[in-house]
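Values in this text are rule-based calculations from the coordinates and carry no lab data. Computed from a prediction, not measured in an experiment: that's the story for all the values here. So basically every Cβ, Gly included, is an ideal-geometry build from the backbone, and we count neighbours across all protein chains shown.
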Amino acid sequence: MKLSVKGQIHAEEVKIDLSVPAPDYVFKKDYDLKSIEEVEKFILKNSHLPEIPSAKDFEQNGVFLAQMDMNLLKK
């Protein structure tokens, strides 16, 4: 770890170099897009979106911003 900050950070801009692919693949015809009913069923069972950690996971493990941004873009 190169930098660790416990407290607030104020910045005008933050650039994250991605080590994960951008999710443009969700627009391809062979992508398995879940139906709204499938998503609803998952949410009712798990209380969070598919492929997005639960609040408990966030509390325990923090958030990896690059991965989270790409997962949110898929949604």
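Numbers for the structure displayed
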| read-out | value |
| --- | --- |
| For semi-axes √(5λ) of the Cα gyration tensor in Å, calculated from these coordinates, the label among (1) 19, 14, 11; (2) 21, 13, 10; (3) 28, 19, 9 | (3) |
| Stretch in the chain that is longest and holds no chymotrypsin sites (Phe, Trp or Tyr not before Pro) that DSSP places in a loop and that have at most 16 other beta carbons within 10 Å | 32-63 |
| Over the stretch 4-75, relative contact order from alpha-carbon pairs under 8 Å, at least 6 apart, % | 39 |
| Net charge dipole size for the stretch 32-74 [Lys, Arg +1 and Asp, Glu -1 on Cβ; Debye, nearest 20] | 80 |
| Helix 36-46 vs. the chain, principal-axis angle (Cα, 0 to 90°, nearest 10) | 60 |
| Nearest 10 degrees, 0 to 90: helix 65-74 Cα axis against the chain principal axis | 20 |
| Packing-based exposure ordering (other Cβ within 10 Å, fewest first) of Lys6, Lys56, Lys74 | Lys6, Lys56, Lys74 |
| Length gained when the stretch Glu51-Val26 is fully extended (0.36 nm per residue, less Cα-Cα span) | 7.6 nm |
| GNM flexibility winner over the chain from Val63, Val39, Val14 (Cα, springs under 10 Å) | Val14 |
| For the chain: lysine pairs under 30 Å (alpha-carbon distance), excluding those fewer than 8 apart on one chain | 29 |
| Binned Cα-Cα distances of the stretch 32-74, short to long, each 10 Å bin given as a whole percent | 26, 50, 23, 0 |
